[in-house]
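Bear in mind these aren't lab numbers, they're just calculated from the coordinates by the rules spelled out. Remember, it's a predicted structure, so these values are computed and weren't measured experimentally. We place every Cβ from the backbone using ideal geometry, glycine too, and count neighbours over all the protein chains shown.
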Amino acid sequence: MDKPKRVMAAISGASGAVYARRLLEALPSFYDTIYLTASDNALGIIKDELGVDTLADLMPHAHLHKFSMLNYTDLSAPTASGSHDYDGLIVIPCSMGVVGRIAAGVSSDLVTRAADVCLKERRKLVLVVRETPLSLVHLRNLTALTEAGAIVMPAAPAFYHDPKSIDDLVDFVVDRALRALGLNTHIIYGWGERS
Ligand SMILES: Cc1cc2nc3c(=O)[nH]c(=O)nc-3n(C[C@H](O)[C@H](O)[C@H](O)COP(=O)(O)O)c2cc1C
């Protein structure tokens, strides 16, 4: 029997809650279990940017059973341990505060601990970062994380796919994030792939 496919998605306190909502719509097509958590700062930004009060409002209703909500501070959650079998962690959007804490090995909450686990176990760690401009501190932290095995993806949409709406731009970033997780997605066709 195939082992269940599990992934963790985390939302940190950076602008770009719309990216998280789109990712959560897409993940159930690929995974049996999606562990989900968000920081208090993230919840505030989600309310400001999307006008919703709870994380549950971001989950696709048809696939609610696939989501397992985890408390941001719960260091006894399954994904805090390398002994729990899950494929990886995606942080979307990912703040520079979280980048700094992961880069420094400060595993003080579930996201930074799960990131630590993914790096030490050589699992996927995808960071969809959002900040501009970037300071030298940010760049050094992002370099350290790349050297440690993370995939750093700026939330920077392209324009070659002829986007007509904000949704098209969001889809581009989320499609690339899904591919960075190793998934075979076709939300957006790659350059030269459109028939
Ligand atoms: C409204 C608002 C927007 C923010 N946007 C960003 C952002 O786009 N990028 C970033 O790196 N930090 C941003 N921050 C700062 C982060 O929230 C802060 O670094 C925090 O420590 C992130 O970690 P947390 O989600 O674990 O709280 C923002 C904060 C607020 C209040």
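Observations on the structure shown:
- Filtering the stretch 146-169 to residues that are assigned to a helix (DSSP H, G or I) and either aromatic (Phe, Trp, Tyr) or within 14 Å of the ligand (Cβ to nearest atom) (or both) leaves nothing.
- Restricting the stretch 118-142 to residues that are hydrophobic (A, V, I, L, M, F, W, C) and in a helix (DSSP H, G or I) leaves a set whose member that is surrounded by the fewest Cβ atoms within 10 Å (Cβ to Cβ) is LEU136.
- Residue that is farthest from GLY97 (Cα to Cα), among those in the stretch 32-63 that are polar (S, T, N, Q), within 16 Å of the ligand (Cβ to nearest atom) and not in a helix (DSSP H, G or I): THR37
- Residues of the stretch 18-31 that are of a type outside the set (Ser, Thr, Tyr) and in a helix (DSSP H, G or I): VAL18, ALA20, ARG21, ARG22, LEU23, LEU24, GLU25, ALA26, LEU27, PRO28.
- Residue-level analysis places SER29 outside the set of residues that are within 16 Å of the ligand (Cβ to nearest atom), within 17 Å of the chain's Cα centre (by Cα) and surrounded by fewer than 23 Cβ atoms within 10 Å (Cβ to Cβ).
Okay, residues lined up against (1) touching a Lys or Arg at 6+ places or on another chain (Cβ under 9 Å); (2) surrounded by fewer than 20 Cβ atoms within 10 Å (Cβ to Cβ); (3) touching a residue at least 12 places away in the same chain (Cβ under 8 Å):
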{"site": "ASP40", "(1), (2), (3)": "no, yes, yes"}
{"site": "LEU50", "(1), (2), (3)": "yes, yes, yes"}
{"site": "LEU55", "(1), (2), (3)": "no, yes, yes"}
{"site": "LEU58", "(1), (2), (3)": "yes, no, yes"}
{"site": "ASN71", "(1), (2), (3)": "no, yes, yes"}
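- Residue match in the stretch 99-115 (condition: in a loop (DSSP other than H, G, I, E, B), hydroxyl-bearing (Ser, Thr, Tyr) and in contact with a Phe, Trp or Tyr (Cβ under 8 Å, 6 or more places away or on another chain)): no
- Just so you know, in the stretch 1-17 the residues that are touching a helix residue (DSSP H, G or I) at 6+ places or on another chain (Cβ under 7 Å) and in a loop (DSSP other than H, G, I, E, B) include one that is farthest from VAL91 (Cα to Cα), and it is SER15.
- Of the listed requirements (1) over 30 Å from SER83 (Cβ atoms); (2) within 15 Å of the ligand (Cβ to nearest atom); (3) of a type outside the set (D, E, K, R); (4) under 18 Å from the mean Cα position of the chain (by Cα), ALA114 misses just one: (1).
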